[in-house]
There are 4 protein chains.
Amino acid sequence: MSKTPVHTAGPVGKTSTERAGAAKRPRRKRAEQSAARRDAIVAAALAEFCERGYAATRLDDVAKRAGVAKGTIYLNFRDKEALFQEIVVTMMVPVIAPMDAPPPQEMPTRLIVEAFAHKFIREVYGTERRHVLRLIMTEGPRFPSLAEHYYRNVVERAVGRMRALLERGLARGEIADRTLIDHPQLVVAPMMMIIIWGALFERYAPLDIEGLVKAHLDILFGKARAS
Amino acid sequence: MSKTPVHTAGPVGKTSTERAGAAKRPRRKRAEQSAARRDAIVAAALAEFCERGYAATRLDDVAKRAGVAKGTIYLNFRDKEALFQEIVVTMMVPVIAPMDAPPPQEMPTRLIVEAFAHKFIREVYGTERRHVLRLIMTEGPRFPSLAEHYYRNVVERAVGRMRALLERGLARGEIADRTLIDHPQLVVAPMMMIIIWGALFERYAPLDIEGLVKAHLDILFGKARAS
Amino acid sequence: MSKTPVHTAGPVGKTSTERAGAAKRPRRKRAEQSAARRDAIVAAALAEFCERGYAATRLDDVAKRAGVAKGTIYLNFRDKEALFQEIVVTMMVPVIAPMDAPPPQEMPTRLIVEAFAHKFIREVYGTERRHVLRLIMTEGPRFPSLAEHYYRNVVERAVGRMRALLERGLARGEIADRTLIDHPQLVVAPMMMIIIWGALFERYAPLDIEGLVKAHLDILFGKARAS
Amino acid sequence: MSKTPVHTAGPVGKTSTERAGAAKRPRRKRAEQSAARRDAIVAAALAEFCERGYAATRLDDVAKRAGVAKGTIYLNFRDKEALFQEIVVTMMVPVIAPMDAPPPQEMPTRLIVEAFAHKFIREVYGTERRHVLRLIMTEGPRFPSLAEHYYRNVVERAVGRMRALLERGLARGEIADRTLIDHPQLVVAPMMMIIIWGALFERYAPLDIEGLVKAHLDILFGKARAS
DNA sequence: CATGAATGAGCATTCATTCAT
DNA sequence: AATGAATGAATGCTCATTCAT
């Protein structure tokens, strides 16, 4: 029922245990340094890809930002595309992983969805993953394998979970009918929207995210007494 | 009360009356041919931009696809960016224009929103404009002036209209509370989602658009007796 | 002893009798209009070539400046190079022509040279021919036929005349020795210099042309009592 | 009294110690190779610019001639214009530098001017700098900053030196009057002329440079007993 | 391993020249 | 004759990738 392995559509590359530290402590083992360098590249590449998109990102800039030589990138990633895919895939892993845990038995459906929404706001919208998610939407059409990977590992599973959750809610009388069960995408639609909206219009028209999410849940499940 | 002029952020270029026909009918006037060529360029560019995104599109390919020489593009558009913006702006004009018409007095709020949704499905999702809309979401962050143009002319106005409509619905007792009025973006969120979803996952997981829209409306306004 | 024909190194094109008049008088004969157009092209081309040099001049700009269509240039000149050569050659004809007249018997050598210098100042340095002369110096190396044409028709003849004149001056006791006769180029060296200097440094260091020429003659022939 | 710094109008770039050798000796250090390549580019660019002028020179040809890839040019120079300016500026530095040394006290004025003239003949006219000087005259009008740089660093200073020298000659009774002092440009006019003449007419009418210079000095200072 | 100089295919843009109207 | 839209070869510049050090 869990531990479903992540489908890897393409080469994912090696992972590293250590977060990139800019500080260059003198007496570090080779492996450590190497891992740090790799992480620095990933972080720099993420930033650049987010700012400019895939095609417009220059590996030169990535290297500069990471503080490594351009050649070093090629020691860790086959090419630009592999670097891109790696980033998109690994950044989403921590979000995917906990999804396999079954929902707590006691909690009302609405609260579970609410928790899910807040988790999304906190851990995706509120972090760099927000940009990664946008990259997937943005570059997906040109990287079908990436889109598929994401669909298989994230979307499909999330939709399945959501449906199961709603089914349970229906059984427990917390949900009136099958409308939402048949179209669980409607639950997440506003989340995709705030990612897009944020990227496009944040400057002139910032969204009240909290209010929006609460309103969404109120509409889906009926007005709540307390948030 | 209407006829708000379209804010033009940049140069929009000349329009042409005739749709591009690949066939080269012999007895055509200069101006006609020229317009046809221009249209062919626009069509070809749209296709290429959709397939590859802005940065990865080669004007060489656009020219080839349009059946014109590369230089001809520059007779009609200042540069690649102008071509891109022109496409994005002009393709959306026919969608924007009718938006200023006030909603029919008699029609119930739900029906108006429903009509709006179906119009979107028919005229945007069901046409090439679907790709244009995706391009706006996709490339917008790198073309702030474009995003702003779109926001001022489409989003802002649409949101305003929607809010006014809902306000009227509230006054007429068709809507229970202000939840949706405060967050009219929730009305359109699924529409943005289907655009993205369609581009990314259509192959593995096609959406039941009609059903989704109906479900969305049912959730917003309560189950309808008939669609 | 005179009327030596002008050696034409390359194609020179047709000449026209009428100066370009911008005004478009309605009832003019075809031939007249055509000639006016041709002259307008020549004038415009001269201005553009002077401002930008041969390679950087666009025929588009020439046409615009002349108020004709681009194609019209090709009705009058085989190509860009022919237009260029035509200009350089014809502009200098009026300067070359009178050179064949023998010097007045009575006039002292110094006065003849002085008259020549002032004529140069007046008719070359003081007119657009100044730029033509610069173009010859500037673009000559890349148009050997042009350089040769100019050498045969202007330089060679001018040097010969000058030498003959000086020879006469020696015979008449107006000149002390053969120094200048052996290097008549020294007579014209300052004239070449002021053309170049004017083009490069006029802004920061304008030359006192009159004073310079007088000083030059004073040095060549001894201080004059009156200018 | 000397060491006036060279006004640098634009970026001058790095210098390299080694002359470009086409031969690829195997055991050379990176920096050395790089410098050699840079020098090869400069040499090739100089040759091309001289043959064709600025606008008509193709960087492709420069690269081919230098035996490097096109991209390598851009590792050393921002763009075509920077390459051009760099060449013109650096080639003239060795000529400018010694100009600040005060003239030897003992030497007669004529001999100093003579030495200057011969130095010019030897180090400019007799070397590639001859072409550089022509490029300055040729392209100056289209590169005002270049013309100004050259004026400030070379012409202005040279004219000042010359005037001071002549002033001293006047004080010492070696010069009869102020004619030349007021127009020191007359001293260098023949040098500009021989550069131009050489570029245009050398084939049909080579100049006797030595004789010309001697004649010039004879005219300026009176016939010398011995050269 | 790490570096970064070198490479060269790739692309946007320009402009002399042609030719249908 | 005159026009100017169309052409496409030419060219400056970029940037992913390689490889000698």
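Taken together, the values in this text are just the output of simple stated rules run on the coordinates, not laboratory data. None of these values were measured; they are calculated from a predicted model. Positions of Cβ are backbone-derived with ideal geometry, glycine not excepted, and every protein chain shown enters the neighbour counts.
Quick look at the numbers
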{"item": "Neighbouring partner chain Cβ atoms per residue of C:180-192, average, 10 Å criterion", "result": "6"}
{"item": "Student exercise, chain C dipole from Lys, Arg, Asp, Glu Cβ charges, in Debye to nearest 20", "result": "1020"}
{"item": "Cut-off 12 Å between beta-carbons: net charge of the residues surrounding D:Leu166, Lys and Arg +1, Asp and Glu -1", "result": "+2"}
{"item": "Inter-site label distance for B:Glu106 and D:Arg30 at 7 Å from Cα along Cβ, in nm", "result": "8.2"}
{"item": "Ascending count of other beta-carbon atoms within 10 Å, so fewest first, for A:Lys223, A:Lys214", "result": "A:Lys223, A:Lys214"}
{"item": "Charge tally in the Cβ shell below 12 Å around B:Glu123, where Lys, Arg are +1 and Asp, Glu are -1, B:Glu123 excluded", "result": "+3"}
{"item": "Pairwise label distance in nanometres, C:Ser145 with B:Lys119, each label 7 Å out on the Cα-Cβ vector", "result": "6.9"}
{"item": "Residue of chain A whose Cβ sits closest to the axis mapping A onto C, with distance in whole Å", "result": "A:Ala56, 16"}
{"item": "Long-range tail of P(r) for chain B (Cα pairs > 21 Å, %)", "result": "62"}
{"item": "Inter-copy label distances at C:Glu210 (7 Å, Cα→Cβ; nm, one decimal)", "result": "4.3, 8.6, 9.6"}
{"item": "Ranking of A:Leu200, D:Leu59 by count of other Cβ atoms within 10 Å, fewest first", "result": "D:Leu59, A:Leu200"}
{"item": "Shielding of C:208-214 by partner chains, average beta-carbon count, 10 Å", "result": "2"}
{"item": "Shape of the range C:124-227, Cα gyration tensor, a/c cut at 1.5", "result": "oblate"}
{"item": "Ranking of C:Arg130, A:Arg168 by count of other Cβ atoms within 10 Å, fewest first", "result": "A:Arg168, C:Arg130"}
{"item": "Number of partner chain Cβ atoms within 10 Å, mean per residue of D:129-138", "result": "3"}
{"item": "The range C:102-221, relative contact order in percent, only Cα pairs under 8 angstrom and at least six apart counted", "result": "28"}
{"item": "Relative contact order computed over chain B (Cα-Cα under 8 Å; 6+ residues apart), in percent", "result": "18"}
{"item": "Computed E for D:Val93/A:Ala69 - FRET, C-beta separation, R0 41 angstrom, nearest 0.05", "result": "0.75"}
{"item": "Extreme residue, positive dipole direction of the range C:102-221, given options C:Val154, C:Ala115, C:Ala205 (C-beta unit charges)", "result": "C:Val154"}
{"item": "Other-copy label distances relative to D:Tyr74, 7 angstrom Cα-Cβ extension, nm", "result": "1.7, 1.8, 3.3"}
{"item": "Other-copy label distances relative to D:Gly126, 7 angstrom Cα-Cβ extension, nm", "result": "4.3, 8.1, 8.8"}
{"item": "Pairs beyond 18 Å (Cα-Cα), from B:Lys119/B:Lys214; D:Lys29/D:Lys70; A:Lys64/D:Lys29", "result": "D:Lys29/D:Lys70; A:Lys64/D:Lys29"}
{"item": "Environment charge at D:Ile87 (Cβ cut-off 12 Å; Lys +1, Arg +1, Asp -1, Glu -1)", "result": "-3"}
